[in-house]
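To start, the structure under review is shown below, and the notes come after it.
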Amino acid sequence: GNKTLTSEIPFFLSLDIPNDKHIHFKESVRFIGMASNLINRLYINDSPVYIDNSNQFSFTLKLNPGKNITKVTAETLNNTKQQFATRILYLKDYKDLIKGVKGIREIQFLATIGLLDGDEDGNFRPNTPVTRAYLTKTIVKALELELPEEIDVFFTDIDSDNPDLIYI
């Protein structure tokens with residue numbers, strides 16, 4: 001006839017930044033949140049995350065262009081693991097793609113999947129006329145055509161040191 005009462009102890013993990021389905025424009029993202037005292041260890045994509053004395057944590061993760069699914073694993077004091085995932089879309093961005101540029105989202109999507117390129121200085125130059133060379137390179141990439149091992153220059157208006165020569 002003895003009865004034992006069970007009590008519930010609150011367990012929580014709060015991920016403040018980033019939210020699920022987050023769209024990000026930089027190569028890395030910082031995870032910021034809080035954990036209860038019942039969490040012994042915390043991992044993001046299997047990398048250990050330090051939880052400070054006030055139960056807060058911060059962790060920086062490098063992203064790949066496109067979809068990133070991050071696995072967050074919390075290990076409790078009794079070695080039970082709780083997992084959840086957060087989805088982050090890392091879109092390539094350029095310094096000169098500012099509000100009001102026509103087709104900004106399309107440019108970001110196509111750059112993220114590797115079809116469009118910006119300049120080495122971090123600009124896309126959305127108002128620059130499209131050249132035949134740039135269009136040819138984009139089509140070759142979109143169709144995933146095999147690139148030749150040796151290059152012969154057939155066009156008199158294309159220099160042999162042109163970085164897009166292999167696509168042309």
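Of all residues in segment 79-111, those satisfying the criterion of being among the polar types (S, T, N, Q) and within 16 Å of Leu13 (Cα to Cα) are Asn79, Thr80, Gln82, Gln83, Thr86. Residues in segment 104-113 that are open to solvent by less than 30 Å² (accessible area, probe 1.4 Å) and either farther than 16 Å from Lys141 by Cβ or not in a helix (DSSP H, G or I) (or both): Gln108 only.
One residue stands out in segment 11-34 among those that are over 23 Å from Ala111 (Cα atoms) and of a type in the set (Val, Ile, Thr): the one that is least open to solvent (accessible area, probe 1.4 Å), namely Ile32. Candidates are the residues of segment 54-77 that are at pLDDT 90 or above and of a type in the set (A, V, I, L, M); the one that is farthest from Ile88 (Cα to Cα) is Ala74. Restricting to segment 35-60, count the residues that are open to solvent by 70 Å² or more (accessible area, probe 1.4 Å), under 15 Å from Gln83 (Cα atoms) and without any contact (Cβ under 8 Å) to a residue 24 or more places away in the chain. Summing the residues that are open to solvent by 70 Å² or more (accessible area, probe 1.4 Å), under 15 Å from Gln83 (Cα atoms) and without any contact (Cβ under 8 Å) to a residue 24 or more places away in the chain in segment 35-60 gives 1. Checking segment 133-140 against the condition returns no match, with no residue being open to solvent by less than 90 Å² (accessible area, probe 1.4 Å) and either touching a Pro at 6+ places or on another chain (Cβ under 7 Å) or assigned to a loop (DSSP other than H, G, I, E, B) (or both).
The values are calculated or read from the model by the stated rules, or taken from the named source; none is laboratory data. On a predicted model such as this, the values are computed, not experimentally measured, just so you know. All Cβ positions, even for glycine, are placed from backbone atoms using ideal geometry, and neighbour counts span all protein chains on display. Calculation scope for accessible area: heavy atoms of the full protein, side chains included, ligands and nucleic acids excluded. Shrake-Rupley method; radii C 1.70, N 1.55, O 1.52, S 1.80 Å.
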